[in-house]
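Notes follow the structure.
The values are calculated or read from the model by the stated rules, or taken from the named source; none is laboratory data. Because the structure is predicted, anything quoted here is derived from the model rather than measured. Neighbour counts run over all protein chains shown; Cβ positions are idealised from the backbone, glycine included. Accessible surface is based on the protein model in full, side chains and every heavy atom, while ligands, DNA and RNA are left aside. Shrake-Rupley method; radii C 1.70, N 1.55, O 1.52, S 1.80 Å.
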Amino acid sequence: MVMYSSGTTGRPKGVMLSHRNIVEHTKNAVPLAPLGPGDRNLVAMPLFHVGGTGYALFGIYAGAASTFTREPDPASLLTAFAAGTTHAFLVPAVVSALLAAGEKATTALSELKYLLYGAAPMPLAMLRQALAVWPGLNFVQVYGQTELAGVISALSPQAHRDASRPDRLLSAGTVLPEVTRLLMESGAEVQGLPVILSDTAGRKTHAKCHQAIGKGRSAIVKEIVGRSIACQKRLDKKATTFGGLDPQCRVASASSAGRAAAGIAAKCSGLAGADVGSCSSLPDCVIADATASGRALGANVYGAFACGDGVRQAGEQCDDGNADDGDACTNRCKSAKCGDGAVQTGVEQCDDGNRFDDDGCKNDCTLPVCGDGTLASGAEQCDDGNTAAGDGCGPDCKLESVTCGNDGAQATVVFAYNPDAVPGVQGVQVKLGYPPDRATLPGSGGTVTGITDLTNIANLLVQPSDCDGSEVPNAKCPPDDAVHPVLLITYVAPTGVTLGPGDLARVQLACSPGTVVGPLDFPCSVPDASDEAGNTIAAGQLACTVRLTSSAPTPTTTASIITTTSTTATTTTIPGGSTTTSTTTTSTTTATLPHVCGNGVVEGSETCDDGNAVDENDPSVHPNPADTCPATCIIGACGAGATTPQGVSVHISVPGGTSLGGITVFLDYPDARTSIPGSGSGVGGSISNVPAGSLSSPNDLDYGLIEGIVNLGGVPPGRLFTVTFQNCPGAPPLIVGDFGCVVKDASDTSGNDVPGVTCTVSIP
């Protein structure tokens, strides 16, 4: 496709874009404003502009309907918005016209989810006015150019409304992740890492070496390309057909290589490639790489490269002359690496073409192992980080069935999603199926009982509805509920609070003692969910699972065991005058039975009991879903009175200077003496000093805090965050010894696990 530029600095120029350019751009840019099948996309840019054609493909790629306007005038736009538009891309001048349209435009855009803008600068005053007029709208600024097929950087909705960083409204945002990766790859391929590692005194020497490398490389590349072209021109004078570079014109070496090697050797004496951001060993590696680059450029002048011809040409990372996909060079002429979909023999155990850690091949290209805490979809039904039996997940990573006790059984619904990829969840509906021939729910319809909220969120609206076929048909229950009975539970969090991943609810099941039921008998799904702005969260991003425990009658603290025999008095008279009398008495025995923490039943002094006697202090307990009950089954609480604030900081230590991309820590605090205002994910206001640019995901369990920090720019060692606690009335100040800190997981900026990371606590 030839797409003409906008002619910002001169006359429009034709830009040739390949099919792959357009497809890859669409795949990389669509996540900026996610579209679902129920959304409607408004294309108000002309299709001869990359902003029109490129944006139109967003809706096509996502399977969403698109509306096209002939002219982006306010009347046409307001009509399109009134028809249910959810996503739009406009230039700043059009945004200005809509603002000038007054209340009519304000109302029309109230249903819009995402507004992308770009192609021209947006005045700061106008942007601030738009943010104020449409407070619930997700604004996305995009920046790019025709030559790059469209967008290369974007300013996210979160950055638009970050009150702590108003300066970001003047920026073009951050570069798209895939663009960053490609730039890093191509930069390293052409010149190596352009970093000069030296103190001030040595930089001049290092700079001369770096200059010699560049000069020598350029001379070699220029000579080889020039000789290749000259050779092909001579052949073309007599040719009748034309194709790629003729094999006899593929220059094997450059005469300038000797001079380049001598110059590099002289200027780089005593220096290694790493000192000047180049390859090793100098100068030979530079000569070899420059020769390969020259041959590739020479061949590329005369058409597309041929992967597998043994010549590394432009666009190829390697070319070993074969089509073997299992060696160091793939059959797409890319250097083999984990996640490229080809198993490199002897180096990788598997490679499924992605960097997800929750499938049959882990993101380090090793096979999953039962008990490593990572669920391998298709290979494992569960993986709780251990190989113990009796905890719901068996030693073979298969879900364990349970036997109903005298009081039935309990099903714990666990809500699961990736907080880094999904916006804050404020409303969600969970659909839990059950086998009516073996297990039922106490009550029916909207009066179902035995549902316990496990979110620890105040003012949470929970609406259960048992769709077992006996209720009057309504919109809440699916039409086939009589055939497939389900329990629907709707959760709506209060304003400003989100539902984090973890345990949602405990459901009491009625089943006959001795009946065997398993988690697969209780299919769980999330048919509907929305974020804080009321926007629907796309299906497939949220999931739920079920954990079963058998339930027994709640034991009393004291049980009296009474043994009784009847009391009788018998008199026997023997002829002759003698009499015999016998008497039987009653006996009673009393025994005291202690309660048991970890049996799934709250009893005695317990405030919770989740069916186990571990908590987040155990490194093998995975933070998602969180263990909401401590090992003691008792969560303390402050009494009435005034509390005292106190700051506590968590610090991390990273071995070997590794740059972390993400870390999750658990801070155990004395819950009977202090607390964090709020609960669950609603404690963000008490968290401060998070590294700049990081995503913070707190989850307060009311006996300890799970805090996840993610930063693609790197999480530095040292202080990770500070928590402002509210000490209980009359409680003494907290000391370091009152806290425990455990690193639950840590990974580098590529998503690989980083072992050996530790955390400590300090109190100013």
Highest mean packing first, using Cβ neighbours within 10 angstrom, the peptides 235-243, 500-508, 13-21 sort as 500-508, 13-21, 235-243
Listed residues His651, His206, His622, His87 arranged by accessible area, highest first, probe 1.4 Å
His622, His651, His206, His87
Would you kindly find the accessible area of Arg438, with a 1.4 Å probe and non-protein molecules such as ligands, DNA and RNA excluded, rounding to the nearest 10 Å²?
80
Between the alpha carbon centres of the range 524-548 and the range 92-161 the gap in Å comes to 28
Row for the range 1-77, column shape: gyration tensor on C-alpha, a ≥ b ≥ c, rounded if a/c < 1.5 i.e. under 1.5, prolate if a/b over b/c, else oblate; value oblate
Roughly speaking, what is the stretch gain from Asp320 to Asp396, that is 0.36 nm per residue apart minus the C-alpha to C-alpha distance, in nm to one decimal?
23.1 nm
Å² per residue, accessible surface of the range 648-760 at 1.4 Å
37
Under 19 Å from the Ala163 label point (7 Å along Cα→beta-carbon), backbone N, the range 416-438
424
³J(HN,Hα) computed for each position of the range 641-649 - Karplus, 6.51 cos²θ - 1.76 cosθ + 1.60, integer Hz, glycine/proline x
x, 7, 9, 10, x, 8, x, 9, 10
Sequence-distant or interchain residues sharing an amide H contact under 5 Å with Leu720, placed H: which?
Val650, His651, Ile652
Using a 1.4 angstrom probe on the protein heavy atoms only, line up Thr455, Thr749 by accessible area, largest first.
Thr749, Thr455
Non-local residues with an amide H under 5 Å from the amide H of Asp671, with H modelled 1.01 Å from N and Pro and chain starts lacking one, are Gly636
Starting from the Cα of Lys267, draw a straight line to each of the lysines and keep only those under 30 Å, dropping any in the same chain fewer than 8 residues away.
Lys204, Lys208, Lys215, Lys222
Counting only residues 5 or more places away or on other chains, whose amide H sits under 5 Å from the amide H of Gly500 once H atoms are built in the peptide plane?
Ser681
So between Gln349 and Phe68, what do we pick up on full extension, going 0.36 nm a residue minus the alpha carbon distance?
96.3 nm
Can you return the lysines within cross-link range of Lys113? Criterion is Cα-Cα under 21 Å, with same-chain partners fewer than 8 residues away left out.
Lys27, Lys104
Estimated distance in nm for a label pair at Ser762 and Ala510, the labels positioned 7 Å out from Cα along Cα-to-Cβ:
5.9
Can you figure out the FRET efficiency of Ile735 with Asp618, using R₀ = 25 Å and their beta-carbon distance, to the nearest 0.05?
0.60
Determine the gain in length on full extension of the stretch Ser688-Thr536; use 0.36 nm per residue of separation and subtract their C-alpha separation, reporting nm with one decimal.
51.7 nm
